[in-house]
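Undergrad: Got a structure here, written out as structure tokens. Questions coming.
None of the figures in this text is laboratory data; all of them are computed from the coordinates on show. Note that this is a predicted model, so its numbers are computed, not measured. Positions of Cβ are generated from backbone atoms using ideal geometry, with glycine treated the same way; all protein chains shown enter the neighbour counts.
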Amino acid sequence: MTRLNENYLKLPGSYLFSEIAKRVAAFKEAHPGEQVISLGIGDVSRPLVPAVVAALHQASDEMGVAETFRGYGPEQGYLFLREAILKHDYLAWGINLSADEIFVSDGAKSDVANFQELFAQSSCVALQDPVYPVYLDTNVMAGRTGEFANGRFGGIIYLPCTEENGFIPQLPRERADVVYLCSPNNPTGAAMTRAELKKWVDWAAANGSIILYDSAYEAFITGADVPHSIYEIPGADKVAVEFRSFSKTAGFTGMRCAYTVVPKALCVYDELGAKHSLNALWLRRQTTKFNGVPYVIQRAAEAVFSPQGQAQIREVISGYQQNARVILGALREAGLTAFGGVNAPYIWLKTPKGLDSWAFFTTLLSKARVVGTPGVGFGACGEGYFRLTAFNTPQLTQEAAQRIAGLKF
Ligand code: MLT
């Protein structure tokens, strides 16, 4: 008999967004011909920008010619893309890193899921509540938690993000080996200021902890006091890994390209106290388990950094930011309290009349034909909250906003 990894049995039956998709499909089957608008999963609606499409065409043509055809590429990513990332996203911001500290991958989701492999199974993990489920579920799979009871897994340090603390995680009293931070935040839309993030960097330095910093929504930052990278904070290169993605920045959710920064100054320790470079270990991991992102996709990602690419993606992002304002306006008109949507494409609303998150999901779907994400799906502190995304088209966002504004709560 083949035994399974029983840690998988601790997980909820299905991944949050699969569960939502199932319920929406059932609703559509029962209400044929009705237009359901999704403000649920954070998937983009605008097509790739022309600069990216041109690069895709050109790279595809190269792949059809013997002289320019490419087989396996470097697992860490082609240097042309890593240098473009370095120049645009770090050196231009006064952050000194080098190209070999950048690892191109097929998604921030997979990197953030895989990175925990490098830490001992006994590592103590802290994460925000509510939280992007991938951080938690992958640690459950790895056996770092106890059982699930009363909405929480044993062995995890939860950092409640509530209305009282502005949905910003506060330092825990206990020490943690690894802490996941996501800013601008999925799901709450809250973003840490420089001063708030500095507290975490200092805490990690004082405790010998490592921060896994998910910055997938960096392109949506509008506040001058919100850092775009954790490496803007002095000393962060000794305590933090940063995850970024082209998905929400440049419409790459179906293309798959992201990158992870693992500074060479970042170290982990073995049982005898000997120091090891996390950068070298991640490279070892990637070269063993990953064959790199397709050449054509990396050329497309490189085009995001061209002057035309930058102008074009900025226009798309502005459109999503406008959607967020439209949604916020509609929620307020409907008498609801809402947060986020300013530095992030996510709006986090308080469900009315004490409705629980799933009850509000059903109400919104049946009364407005609008799909959102129940806050409790992101953790116990998400109960009584609900997430909407700004990623649909302006037309459908307007339509959804009108339907929501017309609801009486
Ligand atoms: C979300 O809706 O939370 C995101 O789309 C999930 C993701 O990026 O994996």
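Undergrad: Considering Cα pairs under 8 angstrom that are at least six residues apart, work out the relative contact order of the range 277-409 and quote it in whole percent.
TA: Contact order relative to length: 25 percent.
Undergrad: Viscosity 1.567 mPa s, temperature 4 °C: what is the translational diffusion coefficient of the chain from Stokes-Einstein with a Kirkwood Rh over Cα pairs, rounded to a whole number of µm²/s?
TA: For these conditions, the coefficient is 58 µm²/s.
Undergrad: Can you grab the distance from the C-alpha centre of the range 298-323 to the C-alpha centre of the range 1-53, Å, no decimals?
TA: 26
Undergrad: Which shape class applies to the range 91-198: rounded if a/c is under 1.5, otherwise prolate when a/b exceeds b/c and oblate if not, where a ≥ b ≥ c are the square roots of the Cα gyration tensor eigenvalues?
TA: Oblate, because a/c is 1.5 or more while a/b does not exceed b/c.
Undergrad: Could you tell me whether the range 1-65 comes out rounded, prolate or oblate from its Cα gyration tensor? Rule is a ≥ b ≥ c as square roots of the eigenvalues, rounded for a/c under 1.5, then prolate if a/b exceeds b/c, otherwise oblate.
TA: oblate
Undergrad: Give me the net charge for the shell around ILE233: Cβ to Cβ below 12 angstrom, other residues only, Lys and Arg +1, Asp and Glu -1.
TA: -1
Undergrad: Sequence neighbours fewer than 8 away in the same chain don't count; with that in mind, list the lysines whose C-alpha is under 28 Å from LYS353.
TA: Of all the lysines, those that pass the test against LYS353 - Cα under 28 Å, at least 8 places apart if same chain - are LYS22, LYS28, LYS367, LYS408.
Undergrad: Also, quick follow-up: Taking H placed 1.01 Å from N in the peptide plane, check which residues at least 5 places from GLY146 or on another chain put their amide H under 5 Å from its amide H.
TA: GLY154, GLY155, ILE156
Undergrad: Order of MET255, MET141 from fewest to most other C-beta atoms within 10 Å?
TA: If I rank by nearby Cβ atoms, fewest first, I get MET141, MET255.
Undergrad: List the relative contact order of the chain as a percent without decimals, with contacts defined as Cα pairs under 8 Å and 6+ residues apart.
TA: Once normalised by length, the contact order is 23 percent.
Undergrad: Turning to a different aspect of this structure: Would you mind ranking VAL201, VAL44, VAL53 so that the residue whose beta carbon has the fewest other beta carbons within 10 Å leads the list?
TA: VAL53, VAL44, VAL201
Undergrad: Sticking with this one: Taking θ as phi - 60°, what are the ³J(HN,Hα) couplings along the range 353-364 by the Karplus curve (6.51, -1.76, 1.60), each to the nearest whole Hz, with x for Gly and Pro?
TA: Result, rounded to whole Hz: 6, x, 5, 7, 4, 6, 5, 5, 4, 5, 4, 5.
Undergrad: Now, a different point. Residue-wise, which Karplus ³J(HN,Hα) couplings in Hz belong to the range 194-204, taking 6.51 cos²θ - 1.76 cosθ + 1.60, θ = phi - 60°, and x for glycine or proline?
TA: The phi angles translate into 4, 5, 5, 5, 4, 4, 5, 5, 5, 4, 5 Hz.
Undergrad: Something else: Name the most mobile residue of GLN298, GLN322, GLN58, meaning the one with the largest mean-square fluctuation, in a Gaussian network model of the chain with Cα contacts below 10 Å.
TA: GLN58
Undergrad: Rounded if a/c is under 1.5, else prolate if a/b is larger than b/c, else oblate: which is the range 254-353, with a ≥ b ≥ c the root eigenvalues of its Cα gyration tensor?
TA: Oblate, because a/c is 1.5 or more while a/b does not exceed b/c.
Undergrad: If you don't mind, there's one more thing I want to ask. If each residue's Cβ is checked for other Cβ atoms within 10 Å, how do THR145, THR389, THR363 rank with the fewest at the top?
TA: Ranking THR145, THR389, THR363 by Cβ neighbours within 10 Å, fewest first, gives THR363, THR145, THR389.
Undergrad: Okay, next question. Taking springs between alpha-carbon atoms closer than 10 angstrom, which of ALA120, ALA240, ALA300 fluctuates most in the Gaussian network model of the chain?
TA: Largest GNM mean-square fluctuation: ALA120.
Undergrad: Determine the relative contact order of the range 28-157: mean sequence separation of Cα pairs under 8 Å and six or more apart, normalised by residue count, in whole percent.
TA: This gives 14 percent for the range 28-157.
Undergrad: Step through the residues of the range 120-132 one at a time and calculate ³J(HN,Hα) from phi using the Karplus curve (6.51 cos²θ - 1.76 cosθ + 1.60, θ = phi - 60°), rounding each to whole Hz and writing x for Gly and Pro.
TA: Listing the rounded values in order: 4, 5, 7, 4, 8, 10, 10, 8, 6, 10, x, 9, 4 Hz.
Undergrad: Compare THR373, THR222, THR249 in a GNM of the chain, Cα atoms joined below 10 Å, and give the one with the largest fluctuation.
TA: THR222
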